[in-house]
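A.B. asks: Sharing a structure below in structure tokens format, with a few things to ask.
The values are calculated or read from the model by the stated rules, or taken from the named source; none is laboratory data. Computed from a predicted model, the values in this text were never measured in an experiment. Heads up, the Cβs are rebuilt from the backbone with ideal geometry, glycines too, and the neighbour counts pull from every protein chain shown. Surface areas here come from the heavy atoms of the whole protein model, side chains and all, with no ligands, DNA or RNA. Shrake-Rupley method; radii C 1.70, N 1.55, O 1.52, S 1.80 Å.
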Amino acid sequence: MNHRKLVQPEHMNDQGSLFGGYLLKWLDEFAYITACIQHPGNRFVTIGLAGVEFHHPISLGEILRFAVTETRKGTTSVEYLVEVFGEKMAPNAAETLFATSITFVNLDKSGKKAALK
């Protein structure tokens, strides 16, 4: 599933590039939306991200595309690969600006792990 986000002035750091925390917030949100749509009726919480390393600065005005792909489905959890691409200003639209895996677990109403529906 693809999601998009426009990088605006309030997202920038004092070096003129995107604060990494915004990128992480957006990918968590977009992966969560994907999980809820693909696995309705579950109560997902984020339990982890794979190694997080920023290698490419992201500029003001960039349109980011978040490609969210399910990579593993367990009994109580689901994992997604989230790849981020620049669609407006990046020199190569096919180049991945950032990528990580994110895992969600399904919880019951008492906060214990529960089987996916």
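A.B. asks: Restricting to strands (runs of 3 or more DSSP E) lying wholly in the range 1-99: which have 1 or more residues that are within 28 Å of Ala114 (Cα to Cα), touching an Asp or Glu at 6+ places or on another chain (Cβ under 9 Å) and without any contact (Cβ under 8 Å) to a residue 40 or more places away in the chain? Before the answer, list the steps.
C.D. replies: Details: elements: 2-6, 44-49, 63-73, 77-86.
Result: 63-73, 77-86.
A.B. asks: Also: Is it true that His39 is within 27 Å of Asp108 (Cβ to Cβ) and more than 13 Å from the chain's Cα centre (by Cα)? Walk me through it before giving the result.
C.D. replies: Details: within 27 Å of Asp108 (Cβ to Cβ): yes; more than 13 Å from the chain's Cα centre (by Cα): yes.
Answer is yes for this residue.
A.B. asks: Taking only the range 42-69 into account, find how many residues are over 17 Å from Glu95 (Cβ atoms) and open to solvent by 80 Å² or more (accessible area, probe 1.4 Å).
C.D. replies: Number satisfying all stated conditions: 3.
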